[in-house]
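Visitor: Quick one: the structure is below, and I'll ask about it shortly.
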Number of protein chains: 2
Amino acid sequence: MNKNTLFHKLVSFTTSVHRVTHELTKNAKSDLISQIQFNILEYIAVNQPVTPSEINDCQNMSMPNTSRELRKLSEKKLIEKINDSEDRRKQYIRLSNDGEAMMNEAFATIESRFIKRVQNASKEDLEDIERAIDILQTKLFN
Amino acid sequence: MNKNTLFHKLVSFTTSVHRVTHELTKNAKSDLISQIQFNILEYIAVNQPVTPSEINDCQNMSMPNTSRELRKLSEKKLIEKINDSEDRRKQYIRLSNDGEAMMNEAFATIESRFIKRVQNASKEDLEDIERAIDILQTKLFN
DNA sequence: CTATTTAGTTATCAAATGATAATTAAGAGG
DNA sequence: CCTCTTAATTATCATTTGATAACTAAATAG
């Protein structure tokens, strides 16, 4: 097993991950928001509170575009902006109640599809999957 | 370990996979093509020959948009269209020599970044990673 | 105090993407 | 032959996304 062979396995693997992720999340998002807006909300949901700068670093977008999308999300009442009391240039972004509700609904849809996907897996299979995820998470995707 | 906990691990894991994939592939593609065009070329490279219908199924795009992107790729001399001799409605798409060269270059860039990423991994680590990929590939992302 | 840097906004433009209707051509079933 | 279905194309339009310049306001360094 050399690194080149492993690389080919990885390519095939990441393709599968992307495909399955797409199947799980397909149409899970509300039609009120675009895909990028969903990605931003997902990032906020997991890491809140976050600053606009953190969002554009992680989502690889420019500040002007981040600012625009956050404005749209704010206009849709899905997020709230809170000013930093120490550094008044900074803001913190949180999901609003509506935003939390929307993301909870989306995650519930995705989770039920996931449950369906592993419904026939044995206890041992699930343990194998968990261990494998832990290994890759720490040794490759950290 | 219940399925709900496993689901949360999976969400975190897929996020990491997407982030690392993005880091590995960032700027690896030529500026002559768009991201979607790169995805299509990647799909063709791995599965060729493919039909336009297969592309729109796997890339989740509509036939008209697939057709448009394939026309652009064809105009850029990156792919070749071959008519099916039996069913004359069908086509088969292959990479041209230019297309192969472009994708080989991209894959080489991505692979060298991957090698760098695992340069400090021990033999045992690499074997663990390989086994973990195999497990997830067969038990979860199939 | 002044210059520079940092965080974020606004405006604007080009390009990419998504969606739909209408069309061509050919295979399949009766 | 006739109808229906399938594979793909063309044209068109709205929306999303990416990129850039110009700007405000606040912190920081000298």
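Each value in this text was obtained by applying a stated rule to the coordinates, not by laboratory testing. In this text, all values refer to a predicted model and were calculated from it rather than measured experimentally. Methodologically, a virtual Cβ is constructed for each residue, glycine included, from the backbone with ideal geometry; neighbour enumeration extends over all protein chains shown.
Visitor: Anything in the range B:1-54 that is hydrophobic (A, V, I, L, M, F, W, C) and more than 9 Å from chain A (Cβ to nearest Cβ)? List them, or say none.
Guide: If we filter the range B:1-54 for residues that are hydrophobic (A, V, I, L, M, F, W, C), which is where we start, we get B:1, B:6-7, B:10-11, B:13, B:17, B:20, B:24, B:28, B:32-33, B:36, B:38, B:40-41, B:44-46, B:50.
Listed by number, the residues that qualify are B:Ala28, B:Leu32, B:Ile33, B:Ile36, B:Phe38, B:Ile40, B:Leu41, B:Ile44, B:Ala45, B:Val50.
Visitor: Something else now. Would you confirm whether or not the range A:106-116 contains a residue that is away from DNA strand D (no atom under 14 Å from the Cβ) and touching a strand residue (DSSP E or B) at 6+ places or on another chain (Cβ under 9 Å)? Walk me through how you get there before you give the answer.
Guide: To start, the set of residues in the range A:106-116 that are away from DNA strand D (no atom under 14 Å from the Cβ) comprises A:106-116.
Now narrow it down to the ones that are touching a strand residue (DSSP E or B) at 6+ places or on another chain (Cβ under 9 Å): none.
No, the range A:106-116 has no match at all.
Visitor: Enumerate the pairs (first residue in the range A:8-35 and more than 16 Å from DNA strand D (Cβ to nearest atom); second residue anywhere and in a loop (DSSP other than H, G, I, E, B)) with beta-carbon separation below 7 Å, excluding pairs fewer than 6 apart on the same chain, so at least 6 apart or on different chains.
Guide: The qualifying pairs are A:Ser16/B:Phe141; A:Val17/B:Phe141; A:Val20/B:Phe141.
Visitor: So which residues in the range A:80-98 are in a loop (DSSP other than H, G, I, E, B) and more than 9 Å from DNA strand C (Cβ to nearest atom), if there are any at all?
Guide: Residues satisfying the conditions are A:Ser85, A:Glu86, A:Arg88, A:Ser96.
Visitor: Collect the residues in the range A:118-142 that are more than 7 Å from chain B (Cβ to nearest Cβ) and basic (Lys, Arg), keeping them in residue-number order.
Guide: Across the range A:118-142, the qualifying residues are A:Lys123, A:Arg131.
Visitor: Kindly indicate which of A:Ile33, A:Ile55 is among the hydrophobic types (A, V, I, L, M, F, W, C) and assigned to a helix (DSSP H, G or I). Show your work before the answer.
Guide: Values: A:Ile33 fails: assigned to a helix (DSSP H, G or I).
The conditions single out A:Ile55.
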